[in-house]
Amino acid sequence: MMAIVLALAGVTLIASPDAGEDKYMPEVAAAAERRLAQAGEVLGAAWMCREIDRTRLHAAMRKVEAMIDKGVDDNQQYYAARNILDKGIDKGKRAIGKRETDCRRADGALGDLEKELGP
């Protein structure tokens, strides 16, 4: 039985093909992947802002990475999740560079992510 558990900000994905629950997996997996990408975008944008405390960024990143570690069953899932996160980080960095967002918004989005990730 293969189980995937990815929790990020209230998105939980549990699929067990043996239990017949896999018909819901694509929709829930897509939502979890989108949320992971969004978290990456927030972290990437915030990383580009010198005025945002690096301690906050490192703490949020560790929490996201811990969720990935807990939420995957094998290396393939781990690397897929990391790839989604890394692409989100790159997108967030580009958004600051292209002035699609600014550091004030990045700081606010980081605060929201920190609340979602919890203590």
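Once both labels are positioned 7 Å from their Cα atoms along Cα-to-Cβ, the gap between Lys70 and Lys87 label points is 2.6 nm. Over the stretch 46-108, Cα pairs under 8 Å with separation of 6+ residues give a relative contact order of 49 percent.
What's the ranking of 40-50, 102-112, 66-76, 84-94 by average number of surrounding C-beta atoms within 10 Å, highest first?
Ranking, from highest mean packing down: 40-50, 84-94, 102-112, 66-76.
Using 1/(1 + (r/R0)^6) with R0 = 41 angstrom and r between the beta carbons of Gln77 and Lys98, what's the FRET efficiency to the nearest 0.05? Here the calculated transfer efficiency is 0.85.
What's the FRET efficiency of Arg105 with Arg54 using the Cβ-Cβ distance as r and R₀ = 22 Å, to the nearest 0.05? Intermediate values should be presented prior to the final figure.
Details: r = 19 Å, r/R0 = 0.84.
Using R0 = 22 Å, I get an efficiency of 0.75.
Any read-out appearing in this document is the output of simple, stated calculations on the displayed coordinates, not a laboratory observation. Predicted, not measured: the structure shown is a model, and the values here were computed from it. Positions of Cβ are backbone-derived with ideal geometry, glycine not excepted, and every protein chain shown enters the neighbour counts.
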